[in-house]
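> Below: one structure in C-alpha cells.
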Amino acid sequence: MGIKGLQGFVARVCPDGCRMVDLREVAEKHRIDHPGFPPVIVVDAMCCVKYWYSPESWVSGGQWREYLASLEDFIKAFMAAGIQLVFYFDGVVEEKKRDEWIKRRLQNNREIARIFQFLKTHRKQPGREMFMIPSALPTFTRFALKSLGQKTVCTLQEADFEVAAYGLQHNCIGILGQDSDYLIYNTCPYFSIEKLRLDRLVTVMYSREDLCHTLGLSLTHLPLFACLVGNDVVPERLLEGFWHKCLVSSPHKNNSYNRRANILLAVANYISKVPCSYSSLRNLEEMLPLGSDKTLLCRGVESYLLPGQQSPWIPPNLTNRQKFSSQQQTAMCQDMEIFQLAKEQHIRSENYAIFNILSNGEIKCSNSLEDECDTEIPGQALIYRPARQHIYSVLLESGKGGACPLVKEWFVYFGNPLQKPDLIQPVRPSIPGGTPNLKTLWFAKGTDVEKQRYSTFLACFHLQDRMEELQALEAPVAAFCCLLTYLMAQVTSLSLEDLDAFVALILCLKGKSAAQLAGLQLAEVDSRAVHLGAVFLRGLTTLLMANSACGFPFRMDDLMPWEVFDGKLFQQKYQRSHQGCSLEELLEGNDSLYAPFQNLKSLICKACMAKNRKIQSRPRGNGFFTGTQHREFDPRFQGAHGSSFVPPYYNQMEGFLRRNPQPQAKNKLSTKNYGNHCGVSCISLSSAVQLINTGREYRLGHPDQTGRFYLPPW
C-alpha cells in the first residue's frame with residue numbers, strides 16, 4: 001500500500017528519479033551482461049489488474065472474454081521482446097495492514113453507492129473516473145494467467161515483500177507494479193504499470209538512488225525514512241507531532257511544494273543527522289507516542305529487509321523474519337500431509353482460499369458491485385454463507401471428533417462495520433454415509449472416489465440428489481446450473497424472468513468471440529442486472545472454493561467466468577426477458593437452442609421444487625429499479641422457501657450440452673409466454689387433439705384451470 005505521496009514527490013521534486021525507459025533496451029543490455037540468463041520482470045499483479053482491465057464495459061459484471069484477450073496481448077508484447085514474466089498475487093492480508101484494508105473497503109462501499117445512484121439516474125455506465133474493477137477480478141486473473149502458460153505465484157506473506165525478494169534473488173531486470181514501497185526495498189529497478197505504453201514497451205522507471213540523492217540519505221536510511229513518514233506499519237496519526245518538530249527545524253522548506261513534500265524533506269533532514277545505530281532507533285521509539293508498542297519502528301525497518309540483508313539500525317541477532325512458522329504451529333489442520341499439499345497448491349495458484357482456512361481459520365472477501373438500496377437481494381456474503389459452512393465442514397471437521405472450530409470471515413456486506421470478523425460455525429453437508437475425509441478426497445484414486453468428490457461438491461450446494469442429471473451436462477454448463485439452482489433457491493425474490501435471462505446467457509455465450517461481445521451495444525444499463533451479475537460472479541468463487549476442498553471434481557478452467565458469463569450479454573438477456581420478448585428473440589433466432597433452454601430451465605425448476613421453492617413470474621418491463629430505501633440488515637438470513645409447482649423434467653439435453661450427445665427430434669412449436677410455465681410449452685386441448693389426429697406423439701400432463709395442457713420439452 002506504500003508511502004503516501006512518495007511517487008508524486010519523486011516526479012515533482014526529483015524528476016531525474018522517474019525517467020522513461022525502453023524495456024527492450026533494458027532486456028538487451030541484460031542479455032549482453034548475463035549471457036544464458038533470459039531477462040525476467042517480476043509483476044506485482046495486484047497493482048496491475050485495474051490497468052489490465054481495458055474492456056470499455058465494466059459495470060455489468062465484466063467482459064471476461066475481452067479481458068482474457070487483453071491479458072494474452074499483454075503477455076505477447078513481452079514475449080516478442082524476449083522478456084519472461086513472473087506474476088505475484090497477494091495470498092494473505094497481514095494483521096499489520098488489516099486496519100488499512102478495512103478503511104479501503106468502507107471507502108469502496110461509499111464509491112459503490114455513488115455508482116448505483118448514477119446508474120439509476122442516467123441508466124448508463126459511469127465514466128472511467130468512477131471505475132470499480134469487476135467482482136473477483138484478481139482471483140480470476142490468477143487462473144487466467146495460469147491458463148495462458150504463465151508462472152503465477154500466490155504469496156504466503158504480503159506480496160510486495162515476496163516480489164522484492166524474488167526480484168533481488170533472481171537478478172530480474174525489474175519489478176512492474178504501482179507501489180511506492182518498491183522505492184524503499186533494496187532490490188532491482190522499479191517500473192510503473194500505470195505509465196506503461198504496451199505498443200512501444202516503454203514506461204517510467206523510479207530510481208531509489210536519485211531519491212536518496214534528493215533526500216540527502218543513503219539506501220540504508222530508506223526503511224527508517226518510510227516508517228517516519230508513515231507506512232503500513234507505523235500509522236501517520238502517531239507522527240504528526242514529530243513532523244511538526246521536523247518542519248520547524250528544517251532548512252529545506254519550500255513554499256512552492258505542498259505540505260506533504262515538505263514533510264518528506266524535513267523528515268529526511270532529521271534522519272540525516274541521526275547516528276546510524278540501534279541505540280538511535282531506540283531513542284526515536286521512546287520519543288514517539290507509540291503507546292505500549294515500543295518496538296514499532298524496529299519492526300517497521302525490519303519489514304523492508306529482504307533475505308540476507310541487514311541494517312545498521314537493527315542488530316543482526318534481532319533480524320529474524322519468522323513469517324510463517326508461528327502460523328504453521330497453530331494451524332487448524334494438524335495433518336501435515338494435507339497441510340503441505342494445500343500450501344503447495346496455494347503457492348502455485350491452483351486452489352482458492354483453502355490454505356488460509358486450514359492454516360489460521362480465516363477468509364476474506366472484498367467489495368462487490370451490490371446495491372445497498374435493493375432490499376430484495378441479500379448481500380452475496382450472506383447468500384453463499386450456507387454453502388461456505390458446508391465447505392468449512394469438509395475441510396475442518398472431516399476425520400475429527402468433537403466440535404468443529406469456528407471460521408473467521410472478513411466479508412464486506414451492507415451492515416457489517418468490519419470491526420471484527422464474523423465467527424462462522426461449519427455445518428456438515430447432507431451426504432449418505434457422512435462426509436469423506438480429506439485424505440480420501442485429495443489423495444485416493446478410482447471411479448468411486450471421483451463420484452465421492454462430485455457428490456460432496458454438490459452436497460455443499462444442496463444438490464447431491466441431482467448428480468446424474470448434472471453429470472450428463474458439459475462441465476461448465478453443469479457448474480453453471482449448480483450455481484444458478486442454489487441462487488434461485490436461496491434468494492426468493494428472483495423470478496422466472498431472471499432465470500430465463502441466465503439460461504439464455506449460458507446458451508448464447510457459447511461460440512461468441514471476444515470481438516463479437518465487444519461489439520454488443522446496450523441502449524441502457526439496468527442497476528438490478530448489475531447487482532445480479534456481481535452476485536453471480538461471487539458465486540463462481542464459491543464454486544472454486546468447493547472444488548478445491550473436494551479434490552477437484554471439476555477442472556478449475558471449467559469454472560471460469562469467460563466460460564459462462566459476459567456482463568453486456570447478461571444485461572441484454574435480462575432486459576429482454578423482463579420486457580416479455582419472445583423465446584425466439586431471447587435465443588437470437590437459434591432454433592437449436594430451444595430444447596436445451598427448456599431442459600436446463602426445467603432441471604433448475606425441478607430442483608427448486610424439491611426445496612419447496614416457488615419461482616414466480618415478476619416481469620419488470622421497462623421499469624428500472626430506482627429504490628432509495630436502505631435495507632434492514634438481517635444477519636439470520638438463510639433463504640426461506642415457499643411451495644411450488646414444477647413440470648416433469650426429461651433429461652434429453654441438446655447437442656453441446658451433453659457429454660455424450662444423442663440425436664433427437666426438435667420441437668418446432670412456437671412458444672409464447674414461456675416464462676410463466678417454467679420451461680414447458682402450453683397448448684390447448686383442441687391443439688392436442690389435432691396433434692394426435694395427425695399422428696404426432698406428445699406426452700401430455702394434466703390440464704390447468706383454463707383447460708390447457710402442458711407439453712414437456714424434449
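The values are calculated or read from the model by the stated rules, or taken from the named source; none is laboratory data. Predicted model, so just to flag it, every value in this text is computed and none were measured. Because the Cβ atoms are built from the backbone with ideal geometry, glycine has one as well, and the counts that use them run over all protein chains shown. Only protein heavy atoms, including side chains, enter the accessible area calculation; ligands, DNA and RNA are left aside. Shrake-Rupley method; radii C 1.70, N 1.55, O 1.52, S 1.80 Å.
> Consider only pairs whose beta carbons are under 9 Å apart and that are at least six residues apart or on different chains; among these, list those whose first residue lies in segment 7-23 and is within 14 Å of Thr203 (Cβ to Cβ) and part of a helix (DSSP H, G or I) and whose second residue is polar (S, T, N, Q) and open to solvent by less than 30 Å² (accessible area, probe 1.4 Å).
From residues that are within 14 Å of Thr203 (Cβ to Cβ) and part of a helix (DSSP H, G or I), the pairs are Gln7/Ser180; Gln7/Ser192; Leu23/Thr203.
> Determine, yes or no, whether Val491 is under 19 Å from Asp566 (Cβ atoms) and modelled with pLDDT of 95 or more.
Against the criterion (under 19 Å from Asp566 (Cβ atoms) and modelled with pLDDT of 95 or more), Val491 does not qualify.
> Gln575: part of a helix (DSSP H, G or I), open to solvent by 10 Å² or more (accessible area, probe 1.4 Å) and over 22 Å from Glu344 (Cβ atoms), yes or no?
So Gln575 passes the test.
> Here are some conditions: (1) in contact with a helix residue (DSSP H, G or I) (Cβ under 6 Å, 6 or more places away or on another chain); (2) crowded, with 21+ Cβ neighbours inside 10 Å; (3) part of a helix (DSSP H, G or I); (4) without any contact (Cβ under 8 Å) to a residue 60 or more places away in the chain. Pro436 meets all but one. Which one does it not meet?
Going through (1) in contact with a helix residue (DSSP H, G or I) (Cβ under 6 Å, 6 or more places away or on another chain); (2) crowded, with 21+ Cβ neighbours inside 10 Å; (3) part of a helix (DSSP H, G or I); (4) without any contact (Cβ under 8 Å) to a residue 60 or more places away in the chain one by one, Pro436 breaks only (3).
> While we're on this one: Residue pairs, Cβ under 6 Å, 6 or more apart or interchain, first in segment 46-72 and under 21 Å from Phe570 (Cβ atoms), second open to solvent by 20 Å² or more (accessible area, probe 1.4 Å) and of a type in the set (D, E, K, R). List them.
Pro55/Glu66; Ser57/Lys568; Ser60/Lys568
> A follow-up question, please. Report, by residue number, each residue of segment 95-138 that is open to solvent by less than 20 Å² (accessible area, probe 1.4 Å) and closer than 22 Å to Asn356 by Cβ.
Lys97, Arg98, Trp101, Ser135, Ala136, Leu137
> Hey, any hits in segment 446-465 for a residue that's farther than 30 Å from Ile338 by Cβ, open to solvent by less than 10 Å² (accessible area, probe 1.4 Å), out of contact with any Pro (no Cβ under 9 Å at 6 or more places or on another chain) and modelled with pLDDT of 95 or more?
no
> Then there is this: Looking only at segment 299-317, count how many residues are within 21 Å of Asp160 (Cα to Cα) and open to solvent by 20 Å² or more (accessible area, probe 1.4 Å).
Here the count works out to 6.
> For Gly17, all conditions in the list (1) open to solvent by 10 Å² or more (accessible area, probe 1.4 Å); (2) touching a Phe, Trp or Tyr at 6+ places or on another chain (Cβ under 9 Å); (3) modelled with pLDDT under 95 hold save one; what is the number of the exception?
(1)
> Hey, another quick one. When you scan segment 114-135, do you find a residue that is acidic (Asp, Glu) and in a helix (DSSP H, G or I), even just one?
Within segment 114-135 (the criterion being acidic (Asp, Glu) and in a helix (DSSP H, G or I)), the answer is yes, since at least one residue qualifies.
> Report yes if some residue within segment 516-531 is part of a helix (DSSP H, G or I) and without any contact (Cβ under 8 Å) to a residue 40 or more places away in the chain; otherwise report no.
Taking every residue of segment 516-531 in turn, at least one turns out to be part of a helix (DSSP H, G or I) and without any contact (Cβ under 8 Å) to a residue 40 or more places away in the chain.
> Select from segment 161-184 the residues that are assigned to a loop (DSSP other than H, G, I, E, B) and touching a Pro at 6+ places or on another chain (Cβ under 7 Å) and list them in ascending order.
The answer is Ile173, Ile184.
> Is it the case, given these coordinates, that Pro417 is assigned to a loop (DSSP other than H, G, I, E, B) and touching a strand residue (DSSP E or B) at 6+ places or on another chain (Cβ under 7 Å)? Step through it out loud before you land on a result.
On the way: assigned to a loop (DSSP other than H, G, I, E, B): yes; touching a strand residue (DSSP E or B) at 6+ places or on another chain (Cβ under 7 Å): no.
Judged against the criteria, Pro417 is not a match.
> Give all pairs with beta carbons closer than 8 Å in which a residue from segment 467-485 that is farther than 19 Å from Asp500 by Cα meets a residue that is at pLDDT 95 or above and not in a helix (DSSP H, G or I); count only pairs at least 6 apart in sequence or on separate chains.
Ala475/Phe554; Ala475/Arg555
> Report every pair of residues separated by at least 6 positions or lying on different chains whose Cβ atoms are under 6 Å apart, first residue within segment 532-546 and within 15 Å of Tyr392 (Cβ to Cβ), second in a helix (DSSP H, G or I) and small (Gly, Ala, Ser).
Thr542/Ala387
> Just checking, which of Ile32, Ile112 is aliphatic (A, V, I, L, M) and without any contact (Cβ under 8 Å) to a residue 60 or more places away in the chain?
When all the criteria are applied, what remains is Ile32.
> Pick from Glu584, Glu588: which is assigned to a loop (DSSP other than H, G, I, E, B), surrounded by fewer than 21 Cβ atoms within 10 Å (Cβ to Cβ) and touching a helix residue (DSSP H, G or I) at 6+ places or on another chain (Cβ under 9 Å)?
On inspection, the qualifying residue turns out to be Glu588.
For (1) modelled with pLDDT of 90 or more; (2) crowded, with 20+ Cβ neighbours inside 10 Å; (3) touching a helix residue (DSSP H, G or I) at 6+ places or on another chain (Cβ under 6 Å); (4) closer than 30 Å to Leu296 by Cα, each residue gets a yes or a no:
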| residue | (1), (2), (3), (4) |
| --- | --- |
| Gln329 | no, no, no, yes |
| Met336 | yes, no, no, no |
| Ala342 | yes, yes, yes, no |
| Arg348 | yes, no, no, no |
| Ser359 | yes, yes, yes, yes |
| Leu382 | yes, yes, no, no |
| Ala387 | yes, yes, yes, no |
| Gly401 | no, no, no, no |
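> Also: Taking segment 543-569 on its own, how many of its residues are open to solvent by less than 10 Å² (accessible area, probe 1.4 Å) and either part of a helix (DSSP H, G or I) or modelled with pLDDT under 95 (or both)?
12
> May I pose another question? Within segment 509-526, how many residues turn out to be within 26 Å of Cys608 (Cα to Cα) and open to solvent by less than 10 Å² (accessible area, probe 1.4 Å)?
The number of residues fulfilling the criteria is 1.
> For segment 460-483, check the following and say yes or no: at least one residue is over 25 Å from Arg555 (Cβ atoms) and either not in a helix (DSSP H, G or I) or not charged (D, E, K, R) (or both). Spell out how you get there, then give the answer.
Restricting attention to segment 460-483, the residues satisfying the condition of being over 25 Å from Arg555 (Cβ atoms) are none.
The answer is no, given that none of the residues of segment 460-483 is over 25 Å from Arg555 (Cβ atoms) and either not in a helix (DSSP H, G or I) or not charged (D, E, K, R) (or both).
> With the checklist (1) touching an Asp or Glu at 6+ places or on another chain (Cβ under 8 Å); (2) surrounded by 23 or more Cβ atoms within 10 Å (Cβ to Cβ) in hand, flag the one item Tyr190 doesn't pass.
(1)
> Moving to a separate point now. Out of segment 224-241, which residues are open to solvent by less than 10 Å² (accessible area, probe 1.4 Å) and either touching a Cys at 6+ places or on another chain (Cβ under 9 Å) or on the phi < 0 side of the Ramachandran plot (or both)?
Residues satisfying the conditions are Leu224, Phe225, Ala226, Cys227, Leu228, Val229, Val234, Leu239.
> If you don't mind, there's one more thing I want to ask. Inside segment 144-160, can you point out the residues that are in contact with a Leu (Cβ under 9 Å, 6 or more places away or on another chain), open to solvent by 10 Å² or more (accessible area, probe 1.4 Å) and assigned to a helix (DSSP H, G or I)?
Selection gives Ser147 alone.
> If you don't mind, another one. Tell me, yes or no, whether segment 53-66 has at least one residue that is open to solvent by 60 Å² or more (accessible area, probe 1.4 Å), of a type in the set (Val, Ile, Thr) and at pLDDT 95 or above.
No, segment 53-66 contains no residue that is open to solvent by 60 Å² or more (accessible area, probe 1.4 Å), of a type in the set (Val, Ile, Thr) and at pLDDT 95 or above.
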